[in-house]
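A short reminder: the numbers here are calculations on the coordinates, not readings from a lab. Just so you know, these numbers come straight off a predicted model, no measurement behind them. Reconstructed Cβ throughout: ideal geometry from the backbone, glycine too, with neighbour counts over all protein chains shown.
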Amino acid sequence: MERMKRGALGILCLALAVGVILPGGCAGSDTGGDGGAATGEPYVIGAVLSLTGAQAGLGGPEKNAIDMEVARINEAGGINGRPLEVIIEDDASDVDQAVARTTKLIEQDNVIAIIGSTGTGQSMAMRDVISEAGVPQVALGSGSVITAEFDPLVFQTPWTADLIVPLALQYLADEGLTKVGLITEDTGFGKDGQALVNAMAAEYGLEVVSDEVFKPADTDMTGQLTVIKSKGADVVLMWSSVAASSIVPKNMAQLNLGIPLVCSHGVAKQEFIDGAGEAGEGVLAFAGKVLAPETYGAGTPSYDAATGFVERYTAAYGVAPDHFAGHAYDGLYLVVEALKRLDEGFTPADLRDEIEATSGFPGIGGVFTFSATDHNGMTADDIVMYRIEGGSWVLAE
Amino acid sequence: MSAPGKRNILAAVAIAICAVAIVALPFVVADRYILRILTVVGINVIMVAGLSLLFGYAGQISLGQAAFYGLGAYTSGYLAKAGVPWLVALVGGVGVAALGGLLIALPSLRLKGHYLAMATLGFGEIMLFFFTETESITGGSNGLRGIPPASIGPLEFATPVAKYFLVWAVVAIVLLLAANVVRHRPGRALRAIHGSEMGAQACGIDTVRVKIQVFVISAGLGGLAGVLYGHYVGFVSPSTFTLHYSLILVTMVALGGMGSLGGAVAGTVLLTLLPFIDAIIPGLPRTTVAVLQDWTNDIYGLVLILVMLFMPRGLAGWARSLVARLAERGSARVPGGERA
Amino acid sequence: METSELLQLVIAGLKNGSIYALLALGFTIVYAATNVINFAQGEFYMLGGMFAVFAFTRFGLPLVLAVPVAVLVVAGIGVLFERLAIRPRKDAEPMALIIITVGGSLVFASLARHAFGSDALPLPEFTPGPSIPFAGAAIERQALWIWGIVLVTVAGLTFLYGKTRLGRAMRACMQNREAARLMGIDTARVVMISFGLAAALGALAGVAVTPLTSTRFDIGAGIAVKGFAAAILGGLGSPLAAVAGGLLLGLIEQAVIPFSSALKDVVALAVLLAVLFLRPQGLFRRSRREKV
């Protein structure tokens, strides 16, 4: 009896919370997603980013980039004379929260497009809500699955394994490094690369002699590297983006492995160089041209976009932007540029069509040209190889 | 009427209000965000009901409850995608989770102390590994997509409102059954275990057997919540079934008050809603919401510590003493009482 | 595989195992004094690295000062945590205290993100330089530091338990807290010191590893599971058993890698469950199955 009554009181609290507060809650919200309301009203875009939790290190720079650029756009008069508002929601690196936030942005804020989420899992989970509402999504997760499992509403700005694996394998084949010691992180990002490398290696005349994984929480990879060494690998190919990736070059140096380390775009950031220290010198990685904008040729739109963004970001936040910030910039501008081309009174479907019509947009990750079948929009031309020299990424060759 | 009797009426009234509020809500609120949040609350309530039984009534703790959640979600998701009717998939999901619970409970509950806590922690991590690695079944890190909504024969729970009602109907059934377990003989045996295991055994209670039963029930409830979750979201991926989620569930039970089902429900509602505060209080400035979201884990942790320090009986104990005081004051004002 | 490669795996196992051992010691010391599994132990490890980086880069302290400062600060945090969050409920059942430490771990990790940001932060090696060749294998210099720390810690703890009054008090508490109290031992002080010591050991492990791995606000939980597994293997009893448990766990992991590095963690966890079920007193103690 005691328990029952205590239970009842607990439930009373629930009833109060639900019964009293909620009716007020629904007053402020209405349904429907009208894109072009009254003139002078802001365009409202939603962004779901991982500001806390495991992916906080990626979500933070993404938010910085969006905040900075939205202010800049509005200072320059907005879009077609209307201000831009981006409502940023934190999904805490959590799939369920990403879905809930997306629902909130669509239902309560009537956003016309969604940027995000930071992670591939969240980006995929949001898809059902996105389809139901019919608003376009520009995902910032890098998993190939986002555009490989094609959805007409979903676009993607980061470089994917689909884009980069062939380049990496081609390089290994050209260099005659045919025995590949593969090491990947045990996450969605790593598995994406692992699966593709294993599937495509033979096409390039390569053999994966050892296929090792490590956990983001691991403190040491000498075991995996010793196995790679024992299989007689010519090269270590790493697919990883977590902080632990910087342990690999250190352990290779310590073991005197004496073979090159070639990496995915996941390591193309200062954090990796700082973590690897001297052992990082000479490490190779594939990434977009933003790390060396001069490859675009000075004065080209891509050069101006990249250098301008890096300058503004560095001035505003005191650190150079990493490529995650760049992917968020691209996500924002793909929507903004499409909005500029649209007349008042458009529908979310019109906006989607207009984003798909993007052609030759000079972004940070590369030059984006979407089509009805390609929603990642970049080509091999956008990717170059870098080497760590003197503690920074420089163009290789 | 006696004081306990009065309190019973109060309890009945509270439950009735609550039930009416839950049933009436979708007719008042059309906002899918709010419906979604409240559906998630319902799913968490089912999780926590199981944990609360284990925790409050058997004095045991599980740090791997997310594993049972995952077992339920993946099993039924996989079965449903293979074309199995939802009810069968549901039974499958609950069954596999309960079986997993049995496998852990049998060896660890023979031992005294916190072996169950330790074993569930290890079990949770191992299951997370399988959710990630057995890609042909679970879809690996990319997750299992396209899980059909729940359906019973021709009746499909596809709309947000239908999903909401389905989840809360199950919540009602689960809470009724759990309250029964608590009130009747098994519950008394459970409390005896929590009080003094030796005493309970002296009274002829097979404490190990009862503890194992309770653990299997709580694992099954975890599986049930997982089934509902999978068919609700339509997408399941390993990042949902982490130690962090298991710890948050423990926080919910602790906040509510160990040994009180109703308290656990209240704790679940409050903590689930915390990061979604903007759904409940619409006028809140964006910056306030952002700060609250930024500090959610700190708040969870602090709540856990402060509740254990200053309200060891949780919300339930606090509410009970509040009502006791109110009742005292009430009877002081109206000496003798006016009601029969 | 060649012998030198096998030796390399053993070296890696002993290095990782030493890290687990230091964490296992922290679990064991707190468990001995309170019967509580301290879930915040991994956060002490994280905080140790964080404060060392902070002292080194922000305050420009030399490493030789930054390391002890970090360890002392974290030991202070451990003591403070005990005073503020454990002692007020010291007579509660262990379950309540375990939950408090779970809360502590959430708060510590999250506060660290607010204070130090969400990027991985590096620290230079104590004595930089190329690795040391050993019978065809290589030993990195930082590994020597880690082994040294473990040796000194074990020696120190053995001395503490064997030769000092405080150590005898701690052992008495381990045997039977109630009896110890009746004998006039200040059990509250023992518990407080145990938390401080455990925090210091966790921090020491974190500081020693950060030059190899960098540190980040969210690494505590992952490493705590390893340390916890090592402590269970050791049986939550003597310091030596905890160290043996840690080393064993490290070696098991490396033994799995040649077969499948993906299975490394899950095999270690399976061993943990097997030990829990079959030898709950740990691998190195004679049976002391609890009687009712």
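In peptide A:138-148, how many Cβ atoms from other protein chains are near each Cβ within 10 Å, on average?
Average neighbour count from other chains, rounded to a whole number: 1.
How do A:L196, B:L292 rank when sorted from fewest to most other Cβ atoms within 10 Å of their own Cβ?
Final ranking by Cβ density, sparse to dense: B:L292, A:L196.
Could you tell me what a quarter of the Cα convex hull surface of chain C works out to, in nm² with one decimal place?
That works out to 16.2 nm², a quarter of the Cα hull's surface.
For chain A, with a Gaussian network of springs between Cα atoms less than 10 Å apart, report the residue from A:G81, A:G116, A:G188 with the top mean-square fluctuation.
A:G81
Classify region A:149-273 as rounded, prolate or oblate, taking a ≥ b ≥ c as the square roots of the eigenvalues of its Cα gyration tensor: rounded when a/c is under 1.5, otherwise prolate if a/b is larger than b/c and oblate if not.
oblate
Using the number of other C-beta atoms within 10 angstrom as an exposure proxy, rank A:H327, B:H244 with the fewest first.
Ascending Cβ contact count within 10 Å gives the list B:H244, A:H327.
Which order results if A:T307, B:T75 are arranged by neighbouring Cβ count within 10 Å, fewest first?
Lowest count first: A:T307, B:T75.
Which far-off residues, 5 or more places away or on another chain, put their amide H under 5 Å from the one on A:G363, with H placed in the peptide plane?
HN-HN under 5 Å from A:G363: A:F368.
Mind checking B:271-284 for the average number of partner chain beta-carbons within 10 Å of each residue's beta-carbon?
The per-residue average across the peptide is 4.
Can you list the HN-Hα couplings for region C:144-159, worked out from phi with the Karplus curve (6.51, -1.76, 1.60; θ = phi - 60°), rounded to whole Hz and with x for Gly and Pro?
Taking θ as phi minus 60°, the curve returns 4, 4, 5, 5, x, 4, 5, 4, 4, 4, 4, 4, x, 5, 4, 4 Hz for region C:144-159.
For chain B, what does the alpha-carbon gyration tensor say about shape, rounded, prolate or oblate, given a ≥ b ≥ c as the root eigenvalues, a/c under 1.5 as rounded, and a/b over b/c as prolate? All intermediate terms of the calculation are to be shown ahead of the outcome.
Working: a/c = 1.62, a/b = 1.21, b/c = 1.33.
Oblate.
Compare the peptides C:72-78, C:143-149, B:266-272 by average per-residue count of other Cβ atoms within 10 angstrom and give them in order, highest first.
Going by the mean number of other Cβ atoms within 10 Å, highest first, we get B:266-272, C:72-78, C:143-149.
Excluding same-chain residues fewer than 8 positions from A:K104, which aspartates and glutamates have a Cα within less than 17 Å of its Cα?
Within the straight-line cut-off, A:K104 pairs with A:D30, A:D34, A:E85, A:E89, A:D90, A:D91, A:D94, A:D96, A:D128, A:E132, B:D31, B:D278.
Given a 10 angstrom Cα cut-off, can you work out which residue in B:V181, B:V291, B:V307 is the most mobile in a GNM of chain B?
B:V291
If every alpha-carbon in region B:33-106 counts as one equal scatterer, what log10 I(q)/I(0) does Debye give at q = 0.13, 0.18, 0.20, 0.23 1/Å?
For region B:33-106, the Cα-only Debye profile gives -0.46, -0.82, -0.95, -1.09.
Which value in nm describes the separation of the simple spin-label points at B:L177 and C:A179, placed 7 Å from the Cα toward the beta carbon?
4.7 nm
What whole-number distance in Å separates the alpha-carbon centres of region C:8-39 and region A:328-355?
Rounded to whole Å, the Cα centres lie 55 Å apart.
Relative contact order for region B:229-333 using alpha-carbon pairs under 8 Å, separation at least 6, rounded to a whole percent? Show your work: numbers first, answer last.
Numbers: 74 pairs, mean separation 31.8, N = 105.
Relative contact order, region B:229-333: 30 percent.
Please report, in cubic angstrom per residue, the volume enclosed by the convex hull of the alpha-carbon atoms of the protein assembly as shown.
179 Å³
Over region C:1-159, what portion of Cα pair distances is larger than 24 Å, expressed as a whole percent?
So the portion of pairs separated by more than 24 Å is 46 percent.
Given A:K191/B:K211; C:K163/C:K264; C:K90/C:K264; A:K63/A:K340; A:K179/A:K250; A:K289/C:K264, which pairs have Cα atoms separated by over 31 Å?
A:K191/B:K211; C:K163/C:K264; C:K90/C:K264; A:K289/C:K264
What is the mean number of Cβ atoms from other protein chains located within 10 Å of the Cβ atom of each residue in peptide C:121-129, rounded to a whole number?
2
Using Cα pairs closer than 8 Å and at least 6 residues apart in sequence, work out the relative contact order for chain C, in percent. Please list the in-between numbers first.
Numbers: 467 pairs, mean separation 107.7, N = 292.
Reported as a whole number, the value is 37 percent.
What are the ³J(HN,Hα) couplings of region A:382-397, residue after residue, when phi is run through the Karplus curve with 6.51, -1.76, 1.60 and θ = phi - 60°? Round to Hz, x for glycine and proline.
Per residue, the Karplus-derived 3J(HN,Hα) values read 7, 10, 10, 9, 10, 10, 7, 9, x, x, 8, 7, 10, 4, 7, 6 Hz.
If the cut-off is a Cα-Cα distance under 17 Å, which aspartates and glutamates reach A:K231, setting aside same-chain residues fewer than 8 apart in sequence?
A:E207, A:D211, A:E212, C:E2, C:E5
For Cα pairs less than 8 Å apart in space and 6+ apart in sequence, what is the mean separation divided by the residue count of region B:43-193, i.e. the relative contact order in percent?
Over region B:43-193, the number comes to 31 percent.
Residue by residue through region A:45-60, which ³J(HN,Hα) values in whole Hz follow from phi under the Karplus form 6.51 cos²θ - 1.76 cosθ + 1.60 (θ = phi - 60°), with glycine and proline marked x?
10, x, 10, 10, 10, 8, 8, 10, x, 4, 9, 4, x, 8, x, x
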